[in-house]
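The values are calculated or read from the model by the stated rules, or taken from the named source; none is laboratory data. Everything numeric in this text was worked out from a predicted model, so none of it was measured. A quick note on method: Cβ atoms are made from the backbone with ideal geometry, for glycine too, and the neighbour counts reach across all protein chains shown.
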């Protein structure tokens, strides 16, 4: 901190000069063939070196940040060095009341007997958190490994279209379902609730809830807010928000976002480099005709897509295998640093998606303090192109048509209606009650084709699978808190759910395959999916009981037991004879004890929770070994007997001194499968040898897949006035997680080592928040942590069951860029 203080207390240039210097430094560093270096002994004097050897531009984060630090220091007036130190006021260092809606009413976080993490809009900006997956850098219990959100290790994996996410995403009270938003923009705050939460938040949510509150329109002021990020690998992200008052009681707020980034992967055949892009917007109208009545209307639309180059590359191939030679012919050597593939079948259309919807909420507050609300919403999701019949979604990653077509298209819609009653706060009995209705409909189509290494080109075999389902849900819920004394309270609640799922699955016949797609019908592949017409009706009670004791206004403890629910699904990818097509409901039982308190005059807010969760009938892919009636082994969506997660979750939010904000989070999570659950042996094992049984099964990993046992976060920002209405700031965030497996099958090659991700930001801004300029960095340590999986077609593409590929993320390599903020 002393070094940081020195960095922010020297120099004599104006704030504008400092901002320009930072901007010029970033431009110089980002230019190809140039780098910054100190000239002579003057650390604040810079020169530009030209690199004549064509090597990559110097990108050492410490150098860049120190250079920027010296530039920012120019802006510190000399008077600041001699100003007498002043004791910060309690108001300046107090965190104040943190407000959440974790129990469907506004409360202080200290009064909520639920494990909840809060991420403010300021923290989202500080840490460059722009997607749901990025939230894992701010919440230790939340993780995005494996491609799906998990809370405390519980997530939904597999391929059943009717299986809903264990972590529910709720935006302004609306359950998103499969049409959850992908990007975060114009957000007021995000709350992450751990443990079963479906009793109050819509449906399912057997693992937890990501509860998002967008920024509300403000009738009091016209405002324009802009934010721009530009970084390496053609990273760009723009956000624009306009707030327009249309009366003293009404306003419209419109938010737009646009983003694009080149991934590191390239196609060696075409030279194309993949990219991801997303753009969209949200419009929200707020009208408060009286003090008692509030009307909110909103609509949003978002597109996401990429360049069509597959986001995967081989990082391990067995020596001497045919696949090694095929890759060499493309100029590729498989290694952990490989960023090349040579797929001949790319299709941008196969990977495009659009999400959109609208919502209306009416709240009326009666004179006696009761509030009734109605929330109506429609959500839609469209993925891919049902008419696409050519190659796309290549799943063999080489320039042979082994499985060059693997296209999945979706058309999903969901309608929800909720009525809610909230009792007045401060009474001996407080409660929330409501009715909920949901009706969703989905149509999916999967097209898979190739030679499978068995047919001579141009002949190919294929299959077309069509899945349709409708899901209707009715529910009534209520939760009450009874204050026996001013300090001691009892909590109880229940939810009754009645759900009906209708699903039908069919495969295209030989005639359609030949005439429409040009595929040969091959028994055992083309008709591997058995036709299905299934109706599943489920009735369920979920509940929560607990007690809370307030030791003071700033310290409380609680104990709760909650039974959750995640609805039944249908195995729409087919099930062998003898296995049920119905995937049973997932039932979690969570026992939790917690403590929350504010200390040191409100400068420290601490939350601690100890939890034990058993999830019965955990929905997951299940391996079916070959039998006499089912000679082909395979994975099918089903139920594991149970899983257990247990551990401790600790979070600290602090403001130890004026200008410094520091957040610390840590979770220890011992998560395991049932002892009688078996999984497939890894692809390098042989049945009947070692730990692999004759049936090709083995015991699962000791820890749940995609679940580190330890996960810790530290993030903070230090701000200091530099005079002239400007302030300088430095921000840093570090994420640590212990090693974990990407699959339930033990395999050293699909295990990720301990990881450390360091990010940071340094810059200047006006004290009124109107303008800001900063340099940011992600993965400043430049560590590589790819998402590695086994090659599903290794037996066909010449990999001889020894091939693996990696799917990188935005944090696979260091990324440094520039941010600009403006507010009018």
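Restricted to segment 719-728, and to residues there that are surrounded by fewer than 21 Cβ atoms within 10 Å (Cβ to Cβ) and touching a strand residue (DSSP E or B) at 6+ places or on another chain (Cβ under 7 Å), the residue that is farthest from residue 120 (Cα to Cα) is 725.
Report yes if residue 274 is in contact (Cβ under 8 Å) with a residue 24 or more places away in the chain, more than 18 Å from the chain's Cα centre (by Cα) and either assigned by TED's automatic domain parsing to the domain that holds residue 644 or not in a loop (DSSP other than H, G, I, E, B) (or both), otherwise no. Answer is yes for this residue.
Residues considered: 756, 785. Of these, the only one that is surrounded by fewer than 19 Cβ atoms within 10 Å (Cβ to Cβ) and under 25 Å from the mean Cα position of the chain (by Cα) is 756. When residue 749 is tested against (1) more than 20 Å from residue 653 (Cα to Cα); (2) surrounded by fewer than 20 Cβ atoms within 10 Å (Cβ to Cβ); (3) in contact with a helix residue (DSSP H, G or I) (Cβ under 8 Å, 6 or more places away or on another chain), exactly one condition is not met: (3).
Would a scan of segment 62-74 turn up a residue that is within 22 Å of residue 664 (Cβ to Cβ) and either at pLDDT 85 or above or part of a helix (DSSP H, G or I) (or both)? Yes, segment 62-74 contains at least one residue that is within 22 Å of residue 664 (Cβ to Cβ) and either at pLDDT 85 or above or part of a helix (DSSP H, G or I) (or both).
Conditions tested, residue by residue: (1) modelled with pLDDT under 95; (2) assigned by TED's automatic domain parsing to the domain that holds residue 241; (3) crowded, with 24+ Cβ neighbours inside 10 Å; (4) part of a loop (DSSP other than H, G, I, E, B).
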residue	(1), (2), (3), (4)
122	yes, no, no, no
140	no, no, yes, yes
160	yes, no, no, yes
164	yes, no, no, yes
168	yes, no, yes, no
178	yes, no, no, no
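Could you list all residues from segment 632-685 that are within 24 Å of the chain's Cα centre (by Cα) and under 30 Å from residue 767 (Cβ atoms)?
Answer for segment 632-685, where residues must be within 24 Å of the chain's Cα centre (by Cα) and under 30 Å from residue 767 (Cβ atoms): 651, 652, 653, 662, 663, 664, 665.
Evaluated against (1) in contact (Cβ under 8 Å) with a residue 60 or more places away in the chain; (2) part of a strand (DSSP E or B); (3) out of contact with any helix residue (DSSP H, G or I) (no Cβ under 9 Å at 6 or more places or on another chain), residue 695 falls short on exactly one condition, (2).
Go over the candidates 514, 531, 508, 494 one by one and state the one that is under 27 Å from residue 201 (Cβ atoms) and touching a strand residue (DSSP E or B) at 6+ places or on another chain (Cβ under 8 Å).
On the way: 514 fails: under 27 Å from residue 201 (Cβ atoms); 531 fails: under 27 Å from residue 201 (Cβ atoms); 508 fails: under 27 Å from residue 201 (Cβ atoms).
Being under 27 Å from residue 201 (Cβ atoms) and touching a strand residue (DSSP E or B) at 6+ places or on another chain (Cβ under 8 Å) holds for just one of 514, 531, 508, 494, which is 494.
Restricting attention to segment 190-230, the residues that are in a strand (DSSP E or B) and on the phi > 0 side of the Ramachandran plot add up to 1. So for segment 242-259 (the condition being farther than 30 Å from residue 472 by Cα, assigned by TED's automatic domain parsing to the domain that holds residue 479, free of Cβ contacts under 8 Å to residues at least 40 places away in the same chain and under 19 Å from the mean Cα position of the chain (by Cα)), does at least one residue qualify? Scanning segment 242-259, I find at least one residue that is farther than 30 Å from residue 472 by Cα, assigned by TED's automatic domain parsing to the domain that holds residue 479, free of Cβ contacts under 8 Å to residues at least 40 places away in the same chain and under 19 Å from the mean Cα position of the chain (by Cα), so the answer is yes.
Test of understanding: among 616, 649, 670, which residue is assigned to a strand (DSSP E or B), more than 30 Å from residue 582 (Cβ to Cβ) and without any contact (Cβ under 8 Å) to a residue 40 or more places away in the chain?
On the way: 616 fails: more than 30 Å from residue 582 (Cβ to Cβ); 649 fails: without any contact (Cβ under 8 Å) to a residue 40 or more places away in the chain.
Being assigned to a strand (DSSP E or B), more than 30 Å from residue 582 (Cβ to Cβ) and without any contact (Cβ under 8 Å) to a residue 40 or more places away in the chain holds for just one of 616, 649, 670, which is 670.
Could you please let me know if residue 522 is part of a loop (DSSP other than H, G, I, E, B), in the same structural domain as residue 588 (by TED's automatic domain parsing), in contact with a strand residue (DSSP E or B) (Cβ under 7 Å, 6 or more places away or on another chain) and at negative phi? When the stated conditions are applied, residue 522 passes them.
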